[in-house]
Amino acid sequence: MSKIEAYNFSGKKAIVRVDFNVPLNKQTFEVTDETRIKGALQTINKILNDGGCAILMSHLGRPDGKKQDKFSMKHVIPALEKNIGRKVIFAGDVIGAEVAKMAADLKAGEVLLLENLRFYEEEEGKPYHLGENATDEEKKAGKAKVKESQKTFVKTLASYADVYVNDAFGTAHRAHASTALIADHFDADNKMFGYLINNELNAMDKVIKAADKPFTAIMGGAKVSDKILIIENLLDRVDNLIIGGGMTYTFIKAQGGKIGNSLCEADKLDLALEILEKAKAKGVKVYIPTDAVNADKFDAEANTSVSKTNETPDGWMGLDIADDTIATFTEVIKNSKTVLWNGPMGVFEMEKFSKGTSAVAKALAEATANGAFTLIGGGDSVAAINKNKLADKVSYVSTGGGAMLEYMEGKELPGIKAIRG
Ligand code: AMP
């Protein structure tokens, strides 16, 4: 693979997998959050400033192999043009003679945007047209057929360009046509990651391969089952493991506590105990919330009370961490040199249960100011750090929820392997 910073795009056509899966206003179809467009700018500008041209491709939403106006990439054009400060040529399709001609005619400094890749089943390699009612046999045959036509689809995409750049970290854990398979059509010197993926990989590698100690991982969110693999992988690396959010109560119950109506995965109690035992054996200090803000129902206007997490009154559910826990967690975070945060401490979407998550966000900002490396990943913790306007006060905010989790679990991401080899 090549390194983007060392590559000269002069006179080259670059096909770039970007992540323009942006939120759109449901009535006007305007882009409501440009973060992902801004995230691709460094790569696009490098190509154009070198004297190359860029063919941008992305998916938008889940059109499941059908052309649908509401998922058209054309909605992204105004925001893209504003951000790159030049006109964008819209291909109107992904494949076909016209698109091929537009790509062939593209000149240095020009940008061509392809239509939504997922308008074609070949992008994901899934036979969506068969629907849910198809028999397993039909699905199997359908998949084989799509996989076959996928080869031509991939070849066509690759034929537009001299060089392939993958800068869509959010889909790097998918083995799709544009994220992984296309890389096979370019030799090692002409395929590379864009700046965004490089930044993501550097941040994650710094945490899982070369963390300064003490290293604290904060795992929150709803369920233990979603986080188990990442927790297991981290136990070999961290000094402190902070547990928060709904998964707290599976741990509390496993240890014999009273949890009222709090969230609990009854089939994960043994697993919770296993994690605690493993942590002990490895010398990892585990911090589980000791007090909580409880609600009498799962509602923004619910009545609230505070109790110990292992003495939750009947009929109540723990929806946030309370003051003692906040104080303990804050102290641990502030004394860390590396912090990884995934998942909120409570139901932060509701004001009454957002204090714990905000406190953790602030503690991360303080730790960063004290010289710690702090990485935030996963949709909800990113939303929480943004809500607290602290995104620029932490070291790195990852753009890829699922991709980041899988990388942290120690899995090989198809989009990364396709280029690294
Ligand atoms: P995840 O996607 O697994 O990171 O979970 C995020 C979700 O967990 C958010 O929508 C939170 O509202 C929810 N959550 C956090 N704490 C709790 C809790 N104590 N009880 C129920 N849900 C929670």
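The values are calculated or read from the model by the stated rules, or taken from the named source; none is laboratory data. These figures come from a predicted structure and were not determined experimentally. Here the Cβ is made from the backbone with ideal geometry for all residues, glycine too, and neighbour counts use every protein chain on show.
Computed values, structure above
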item	result
Qualifying residue in the stretch 294-316 (condition: closer than 18 Å to Val224 by Cα, part of a strand (DSSP E or B), in the same structural domain as Gly346 (by TED's automatic domain parsing) and in contact (Cβ under 8 Å) with a residue 40 or more places away in the chain)	no
Condition check for Tyr407: of a type in the set (Ser, Thr, Tyr) and out of contact with any strand residue (DSSP E or B) (no Cβ under 8 Å at 6 or more places or on another chain)	yes
Residue tally, condition part of a loop (DSSP other than H, G, I, E, B) and either over 31 Å from the mean Cα position of the chain (by Cα) or within 19 Å of Val154 (Cβ to Cβ) (or both), over the stretch 102-111	3
Matching residues in the stretch 208-218 - criterion: being at pLDDT 95 or above and not small (Gly, Ala, Ser)	Asp212, Lys213, Pro214, Phe215, Thr216, Ile218
Selected residue (criterion: farthest from Leu114 (Cα to Cα)) from residues of the stretch 47-59 that are buried (at least 23 other Cβ atoms within 10 Å of the Cβ) and of a type in the set (A, V, I, L, M)	Ile47
Segments classed as helices (runs of 4 or more DSSP H), wholly inside the stretch 320-421, with at least 1 members that are among the hydroxyl-bearing types (Ser, Thr, Tyr) and touching a residue at least 24 places away in the same chain (Cβ under 8 Å)	323-334, 355-369, 379-387, 401-408
Subset of the stretch 181-226 (residues that are over 17 Å from the mean Cα position of the chain (by Cα), crowded, with 21+ Cβ neighbours inside 10 Å and either under 30 Å from Val146 (Cα atoms) or free of Cβ contacts under 8 Å to residues at least 12 places away in the same chain (or both))	Leu181, Ile182, Ala183, Phe186, Lys191, Met192
Conditions (1) within 15 Å of Phe251 (Cβ to Cβ); (2) more than 16 Å from the ligand (Cβ to nearest atom); (3) touching a residue at least 24 places away in the same chain (Cβ under 8 Å); number of the one not met by Lys280	(3)
Among the candidates Leu229, Leu241, Leu234, residue that is more than 12 Å from the ligand (Cβ to nearest atom), in contact (Cβ under 8 Å) with a residue 24 or more places away in the chain, under 30 Å from Lys209 (Cβ atoms) and surrounded by fewer than 17 Cβ atoms within 10 Å (Cβ to Cβ)	Leu229
Residue that is farthest from Ile321 (Cα to Cα), among those in the stretch 351-382 that are touching a Phe, Trp or Tyr at 6+ places or on another chain (Cβ under 9 Å) and within 9 Å of the ligand (Cβ to nearest atom)	Gly378
Failed item, numbered, when Ala177 is tested on (1) among the small types (Gly, Ala, Ser); (2) assigned to a helix (DSSP H, G or I); (3) away from the ligand (no atom under 16 Å from the Cβ); (4) buried (at least 23 other Cβ atoms within 10 Å of the Cβ)	(2)
Test result for Leu229, within 24 Å of the chain's Cα centre (by Cα), in the same structural domain as Val284 (by TED's automatic domain parsing) and in a helix (DSSP H, G or I)	yes
Residue within the stretch 344-352 that is under 29 Å from the mean Cα position of the chain (by Cα), over 30 Å from Gly400 (Cβ atoms), at pLDDT 95 or above and surrounded by fewer than 24 Cβ atoms within 10 Å (Cβ to Cβ) present	yes
Residue list for the stretch 282-308, restricted to those being under 15 Å from Ile242 (Cα atoms) and among the hydroxyl-bearing types (Ser, Thr, Tyr)	Tyr287, Thr290
Residue identified as among the small types (Gly, Ala, Ser) and farther than 24 Å from Gly11 by Cβ among Ala104, Ala134, Ala91	Ala134
Residue count, the stretch 80-101 (criterion: in a helix (DSSP H, G or I) and either surrounded by fewer than 20 Cβ atoms within 10 Å (Cβ to Cβ) or not assigned by TED's automatic domain parsing to the domain that holds Leu60 (or both))	8
